[in-house]
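Student: Below you'll find the structure I mean.
The values are calculated or read from the model by the stated rules, or taken from the named source; none is laboratory data. It should be emphasised that the depicted structure is a prediction, and the values quoted were computed from it without experimental measurement. Methodologically, a virtual Cβ is constructed for each residue, glycine included, from the backbone with ideal geometry; neighbour enumeration extends over all protein chains shown. Quick note on the areas: whole protein, heavy atoms, side chains included, nothing else; ligands and nucleic acids left out. Shrake-Rupley method; radii C 1.70, N 1.55, O 1.52, S 1.80 Å.
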Amino acid sequence: MTDLDLISTAWQARKHASAQYSNYLVGAALITVSGKVFTGCNVESSSYGLSICAERVALFKAISEGEREFVRIAIVAEGKFTPVPCGACRQLLTDYAPGIEILLSGKPGQFEKVLLSDLLPRPFSGDFLR
Ligand code: THU
């Protein structure tokens with residue numbers, strides 16, 4: 001699957017976003033080493049803190065189905081700025097997919113590629129606990 005295919009899958013996933021409180025709709029598509037794709041969208045709660053980001057939905061779906069090796073994640077949202085993953089998602093991606101490539105798209109067909117290590121330098125990790 002090409003980078004643009006993964007981006008387009010994330011835009012499709014964004015259509016399911018349940019973001020009635022923020023109106024900020026996010027989609028994600030995560031591809032594993034074996035080539036399987038897991039999608040996610042943000043799902044919000046009236047008790048705001050219970051909401052979950054699109055990236056974590058995709059990651060938890062994949063982990064809960066036994067996947068442990070990830071190559072790339074596409075994150076898409078429309079807004080003033082190109083989307084970036086929040087701090088909590090950066091941490092979880094560090095925990096489960098430290099070398100992952102991140103594709104960020106604010107418009108279908110356009111994207112920027114970054115490394116997680118650029119978004120979260122000097123991360124806390126499981127290494128500190130061993
Ligand atoms: N959101 C995501 O889905 N991913 C991020 O990395 C940033 C924030 C969602 C959470 C919430 O539903 C809305 O965007 C506004 O914060």
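Yes or no, residue by residue, for (1) open to solvent by 50 Å² or more (accessible area, probe 1.4 Å); (2) at pLDDT 95 or above; (3) within 11 Å of the ligand (Cβ to nearest atom):
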residue: CYS53; (1), (2), (3): no, yes, yes
residue: GLY66; (1), (2), (3): yes, yes, no
residue: GLU69; (1), (2), (3): yes, yes, no
residue: ILE73; (1), (2), (3): no, yes, yes
residue: VAL84; (1), (2), (3): yes, yes, yes
residue: ARG90; (1), (2), (3): no, yes, yes
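Student: Now a separate question. For THR39, work out the one condition from (1) assigned to a loop (DSSP other than H, G, I, E, B); (2) under 17 Å from VAL84 (Cα atoms); (3) polar (S, T, N, Q) it doesn't fulfil.
Tutor: Exception for THR39: condition (1).
Student: Of VAL71, VAL57, which residue is in a helix (DSSP H, G or I) and in contact (Cβ under 8 Å) with a residue 24 or more places away in the chain?
Tutor: None of the others qualify; the one that does is VAL57.
Student: Among the numbered criteria (1) open to solvent by 80 Å² or more (accessible area, probe 1.4 Å); (2) in a strand (DSSP E or B); (3) closer than 30 Å to PHE128 by Cα, which one does ILE102 miss?
Tutor: ILE102 satisfies every listed condition except (1).
Student: If I filter region 12-24 for residues that are farther than 13 Å from CYS89 by Cβ, open to solvent by less than 20 Å² (accessible area, probe 1.4 Å), within 11 Å of the ligand (Cβ to nearest atom) and part of a strand (DSSP E or B), do I get at least one hit?
Tutor: No; the residues of region 12-24 include none that is farther than 13 Å from CYS89 by Cβ, open to solvent by less than 20 Å² (accessible area, probe 1.4 Å), within 11 Å of the ligand (Cβ to nearest atom) and part of a strand (DSSP E or B).
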